[in-house]
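K.L.:
Submitted below is the structure of interest, expressed as structure tokens.
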Amino acid sequence: MNALVDWLPRPGDEAYKYTSFAALARRKYAAPAPGTVDAAQLPAPFGARLLFVDGRLQDRDGAPECGSGAPHRDLPESATALRKMNAALATESITLDIPPDTDAGVIELLFASSDHATPVASYPQVTVTVGANAKVTLVERHVALGEAQDFTNLAIDMQVARGACVTHIALQQGATGAALATGLHATLAVDAQFDSHAVHLGGALVRADLTVTLAGRGARCALYGVHLPGMRQHIDTHTRIEHMVRDTTSVEEYRAVVDRGGRSVFNGKVFVAKGADGTDAQQFNANLLLSEQAEADTKPELEIYADDVKCAHGATVGKLDEAAMFYLRTRGIGVEAARSVLIWAFVETVLTKIPLADARRSIEDAVLARLPDAGLIGEFR
Amino acid sequence: MLKIENLKVRVAGQEILKGLDLEVNAGEVHAIMGPNGSGKSTLAHVLAGRPGYEVTGGSALYEGRDLLAMAPEERAREGVFLAFQYPVEIPGVNNVYFLKAAINAVRRHRGEQELDAMDFLALVKERIKLVELDESLLNRSINEGFSGGEKKRNEIFQMAVLEPKLALLDETDSGLDIDALRVVAAGINALRSPDRAMVLVTHYQRLLDYVKPDVVHVLSAGRIVKSGPPELAKELETRGYDWVVQEARSA
């Protein structure tokens, strides 16, 4: 047992019904040391880059909005166990302030795990304030330069002021044995917009909590995501969208392709407060199981206290369409390529919504790299 | 080109083809007619390699090779084409990209150079005229939202692009109105060639008013019970199938 055990979710915690972090208590972790990475090994940045190595901010290349402060320790009682863990163990909070009426362009938070022997546990905390009518694209990217089985528990807090617009793009390519917990909470004022595109490819144990509080009239969010768990990968996204006031809108679509030995969990909660009439909330979760040894758990949850609302949700779990497979094969396309084509089509509907062309291309390449005989798919792009 | 001997096929535990013989030579068009449930579509699908169709006896040779031992994609690359009775809708897979992947899979197999985008597009634009298909459908997902007639025309269009040696057309006339039938038939006729064989599976004679077969076969209860000249189709249209079936029983 290590010190983490005091903070990890307890057995029976309903928020972690399908996802256990208990194994982490038996591992030995080091505290993050000033790590180094070879810059040449890092992927090309999508914009101004904040480089975190093993959870510590190392470089703030061209991001003048960046500062640092004391970590936020106070959280409401309702916060999840992993968020509380972050609040307790974070050593500082990196702050990003986007002034009102500015376009901050693209800011990339790159979380790189260095090539080291003893796994590291880290608790980065980022606080983002987006001024009125400001605009920013925030890329959250997780990469591994080695095979370290780190545990990263990242918290991002975001205040989005009136009329501001935030695009969040998350690309998770953690090490094969890594555990990753991310908790992002965005609070939106009047007419603010938050769009998120999350693609999870890596990691052994991944839990992403995404909470959006639509606190101002006319606020809207769109949450898109893709899970691609393969052998010994468990990827769990919990979203919570809170419609607190009138005329707020949310759209959500998560898709998972689960291969042999993989598991995907999606829990999408929509909360509509009393008086939040005119709420429009659409949610869809689709799962494609590629093997009998693949598992997907999907759970939409609606909690509605207003009368005049439009809420819809749907979830599907299915296998590859055999008729489509045969059709493609009768046209000369091989089995592996046909599977890849259908998997690609399944996730592409979501990937295509990523608005930043560089990031979309890079994410699509990363997804394609996971598909067998994908050379042919070049024809489909 | 195609030589089938005593072919027996089970589908879902039930024997559908019960010793079928058929020989088709290059340049010929054969029509396979027969009542519902006689095994017509099973024949077309087993020749294309549909999984789940169990061959329990007999053989099918394609250009002297064991067709039944080949994977569906291999058959396609070797020049076998199945036009589906119910073309499959595949959301998210672009029709024209799919066709480019298909033609290049065939060309790679033949050791030919892959078509580049320009040459491919030129080919597509030329061949699509054959079936009077709206070019805007090219950039949609495969068959998604196509009308019944558009789906059938898309099958013939694909055939025109892929240029198979052996085309199996499964009930290509079903669900077509008369204008669409004429267009589809004209497309099929344009693709007749001395190097190409076609097998038209059809329940009704009407397609054969437009595409004149060299031989007409009657399939009943899993066997070909009668073969004859094109006039046989007319006779079937007026007299139905019963007499052929009776004749076969008493023979």
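Computed from the coordinates by the stated procedures, all read-outs in this text should not be read as laboratory data. If you're wondering where the values come from, they're calculated on a predicted model, not measured in any experiment. Counting neighbours? That spans all protein chains shown, and the Cβs are built from the backbone with ideal geometry, glycine included.
K.L.:
Give me the angle, in degrees from 0 to 90, between the Cα long axis of helix B:95-109 and the longest principal axis of the Cα atoms of chain B, rounded to the nearest 10.
P.N.:
80 degrees
K.L.:
Looking only at A:A30, A:A161, A:A276, which one moves most when chain A is put into a Gaussian network model with springs between Cα atoms under 10 Å?
P.N.:
So, out of A:A30, A:A161, A:A276, the one fluctuating most is A:A30.
K.L.:
In whole angstrom, note down how far apart the Cα centers of region A:216-261 and region B:1-62 are.
P.N.:
49 Å
K.L.:
Same structure, new question: For chain A, with a Gaussian network of springs between Cα atoms less than 10 Å apart, report the residue from A:A337, A:A44, A:A208 with the top mean-square fluctuation.
P.N.:
A:A44
K.L.:
Grab the Cα-Cα distance for B:A71 and B:A251, subtract it from 0.36 nm times how many residues apart they are, and report the gain in nm with one decimal.
P.N.:
Gain on extension, B:A71 to B:A251, equals 61.0 nm.
K.L.:
Put +1 on the Cβ of each Lys and Arg and -1 on the Cβ of each Asp and Glu in region B:1-112; which of B:L20, B:N36, B:G92 then has its Cα farthest toward the positive end of the dipole?
P.N.:
Checking the options against the dipole of region B:1-112, the answer is B:G92.
K.L.:
Let me ask something additional. Using a cut-off of under 20 Å, list every residue of region B:38-60 whose amide N is near the label point 7 Å from the Cα of A:V335 along the Cα-to-beta-carbon line.
P.N.:
The answer is B:45-56, whose backbone nitrogens lie closer than 20 Å to the label point.
K.L.:
Quick one: grab the alpha carbon gyration tensor of region A:3-319, order the square roots of its eigenvalues as a ≥ b ≥ c, and give me rounded if a/c is under 1.5, else prolate or oblate depending on whether a/b is larger than b/c.
P.N.:
oblate
K.L.:
Report ³J(HN,Hα) in whole Hz for each residue of region B:79-84, in order, from the Karplus equation J = 6.51 cos²θ - 1.76 cosθ + 1.60 where θ = phi - 60°; Gly and Pro get x.
P.N.:
Result, ordered by residue: x, 9, 10, 10, 8, 6 Hz.
K.L.:
Any idea what the alpha-carbon Rg over 2.2 N^0.38 Å comes to for region A:42-97?
P.N.:
Scaled against compact globular proteins, the figure is 1.34.
K.L.:
Which links in A:K28/A:K84; B:K129/B:K212; B:K165/B:K212; B:K152/B:K234; A:K84/A:K319 stretch past 26 Å when you go from one Cα to the other?
P.N.:
Numbers: A:K28/A:K84 21 Å; B:K129/B:K212 22 Å; B:K165/B:K212 18 Å; B:K152/B:K234 24 Å; A:K84/A:K319 38 Å.
Violating the 26 Å Cα-Cα cut-off are A:K84/A:K319.
K.L.:
Here is a further query. Please give the net charge around B:E231, taking every other residue with its beta carbon less than 13 angstrom from that of B:E231, where Lys and Arg add +1 and Asp and Glu add -1.
P.N.:
Result for the neighbourhood of B:E231: 0.
K.L.:
Moving on to the next point. What distance in nm lies between label points placed 7 Å from Cα along the C-beta direction at A:V5 and B:N36?
P.N.:
7.0 nm
K.L.:
Which FRET efficiency value, to the nearest 0.05, is calculated for A:R246 and B:K3 with the Förster distance at 56 angstrom and r the Cβ-Cβ distance?
P.N.:
0.15
K.L.:
What residues from region B:1-28 fall in the zone where the backbone N is under 18 Å from a label point 7 Å along the Cα-to-C-beta line of B:T56?
P.N.:
Residues B:5-21 qualify, since their backbone N sits under 18 Å from the label point.
K.L.:
Between B:H109 and A:K319, with labels modelled 7 Å along Cα→Cβ, what's the label distance in nm to one decimal, could you check?
P.N.:
Placing both labels 7 Å along Cα→Cβ, they lie 2.5 nm apart.
K.L.:
What FRET efficiency comes out for the pair B:D177/A:A132, r = Cβ-Cβ distance, R0 = 60 Å, nearest 0.05?
P.N.:
Rounded to the nearest 0.05, the efficiency is 0.50.
K.L.:
Non-local amide H neighbours of A:H313 (under 5 Å, H modeled in plane, Pro and chain starts lacking H): which ones?
P.N.:
When sequence neighbours closer than 5 places are left aside, the close amide H contacts are A:Q283.
K.L.:
Also, I was wondering about something else. Counting only DSSP beta bridges with both residues in the protein assembly as shown, what percent are antiparallel, rounded to the nearest 5?
P.N.:
Within the protein assembly as shown, antiparallel bridges account for around 20 percent of the total.
K.L.:
Using a Gaussian network for chain A with springs between C-alpha atoms less than 10 Å apart, which of these wobbles most: A:A170, A:A189, A:A25?
P.N.:
Looking only at A:A170, A:A189, A:A25, the biggest GNM fluctuation is shown by A:A25.
K.L.:
Tell me which residues come under 5 Å, amide H to amide H, from B:K8 once H is placed; ignore anything under 5 positions away on its chain.
P.N.:
Here the answer is B:G19, B:L20, B:T56, B:G57, B:G58, since their amide H atoms fall under 5 Å of that of B:K8.
K.L.:
Cα gyration tensor of region A:321-381, axes a ≥ b ≥ c as square roots of the eigenvalues: rounded (a/c below 1.5), prolate (a/b > b/c) or oblate?
P.N.:
Taking the square roots of the gyration eigenvalues as a ≥ b ≥ c, region A:321-381 is prolate.
K.L.:
Would you please state the base-10 log of I(q)/I(0) at q = 0.11, 0.19 1/Å for region A:14-108, with intensities from the Debye formula using one equal scatterer on every alpha carbon?
P.N.:
-0.50, -1.14
K.L.:
Running Debye on region A:171-214 with equal point scatterers at the Cα sites and no solvent, what base-10 log of I(q)/I(0) appears at q = 0.21, 0.26, 0.27, 0.32 Å⁻¹?
P.N.:
-0.71, -0.90, -0.94, -1.13
K.L.:
Another question, then. Return the average number of partner chain Cβ atoms within 10 angstrom of each residue Cβ along peptide A:334-342. List each step's numbers first, then the result.
P.N.:
Details: counts 7, 3, 0, 3, 4, 0, 0, 6, 4.
Rounded to a whole number, the mean comes out at 3.
K.L.:
For the protein assembly as shown, what are Rg and Dmax over the alpha carbons, in angstrom?
P.N.:
30.2, 97
K.L.:
Do the sum for chain A: with -39,500 (n - 2.57) for every DSSP H run of n ≥ 4, divided by all residues, what is the mean residue ellipticity at 222 nm, to the nearest 500 deg cm²/dmol?
P.N.:
Here the helix-only value at 222 nm equals -4000 deg cm²/dmol.
K.L.:
Return the average number of partner chain Cβ atoms within 10 angstrom of each residue Cβ along peptide B:87-99.
P.N.:
What the average comes to for B:87-99 is 6.
K.L.:
Taking A:K269 as the anchor, which lysines have their alpha carbon closer than 17 Å to its alpha carbon, excluding any fewer than eight residues away along the same chain?
P.N.:
Those lysines meeting the cut-off are A:K17, A:K299, A:K310.
K.L.:
Separate question: For region B:41-52, take each phi angle, set θ = phi - 60°, evaluate the Karplus expression 6.51 cos²θ - 1.76 cosθ + 1.60, and give the result in whole Hz per residue in order, putting x for glycine and proline.
P.N.:
Once rounded to whole Hz, the list reads 5, 4, 4, 4, 6, 5, 6, 8, x, 4, x, x.
K.L.:
What does the helix-only formula give at 222 nm for chain B: each DSSP H stretch with n ≥ 4 adding -39500 (n - 2.57), the total divided by the residues, and the result rounded to the nearest 500 deg cm²/dmol? Display every interim value, and only then the final one.
P.N.:
Values: 9 runs with 92 residues, N = 251.
Helix-only estimate at 222 nm: -11000 deg cm²/dmol.
K.L.:
Please compute the modelled spin-label separation between B:S147 and A:A22, points set 7 Å along Cα→Cβ, answer in nm with one decimal.
P.N.:
Between A:A22 and B:S147, the simple spin-label model gives 6.2 nm.
K.L.:
Would you pull out the residues with amide H under 5 Å of A:H116's amide H, same chain only if 5 or more places away, H placed 1.01 Å from N?
P.N.:
A:E147, A:A148
K.L.:
Can you list the HN-Hα couplings for region B:192-209, worked out from phi with the Karplus curve (6.51, -1.76, 1.60; θ = phi - 60°), rounded to whole Hz and with x for Gly and Pro?
P.N.:
With the stated coefficients, region B:192-209 comes to 5, 7, x, 8, 10, 10, 10, 10, 9, 9, 8, 8, 10, 7, 4, 4, 6, 5 Hz.
K.L.:
Using just the Cα positions, wrap region B:1-67 in a convex hull and report its mean projected area in square nanometres, one decimal place.
P.N.:
4.4 nm²
K.L.:
Hey, another quick one. Compute the helix-to-body angle for B:178-190: its Cα long axis versus the longest principal axis of chain B, expressed 0 to 90° and rounded to tens.
P.N.:
Value to nearest ten degrees: 80.
K.L.:
Could you compute how fast region B:193-251 diffuses translationally, taking Rh as the Kirkwood radius over C-alpha pairs and applying Stokes-Einstein at 4 °C with viscosity 1.567 mPa s? Give it in µm² per second.
P.N.:
Result for D is 106 µm²/s.
K.L.:
Using alpha-carbon positions, what is the distance between the centroids of region A:181-210 and region A:90-144, in Å?
P.N.:
That distance is 12 Å.
K.L.:
A follow-up question, please. I need the calculated FRET efficiency for the pair A:R73 and A:A117, taking r as the beta carbon distance and R₀ as 41 Å, to the nearest 0.05.
P.N.:
That gives a FRET efficiency of 0.85.
K.L.:
While we're looking at this one, here's another question. Of all the Cα-Cα pairs you can form in chain B, what percent are over 26 Å apart?
P.N.:
On the way: 12158 of 31375 pairs.
Tail of P(r) above 26 Å: 39 percent of Cα pairs.
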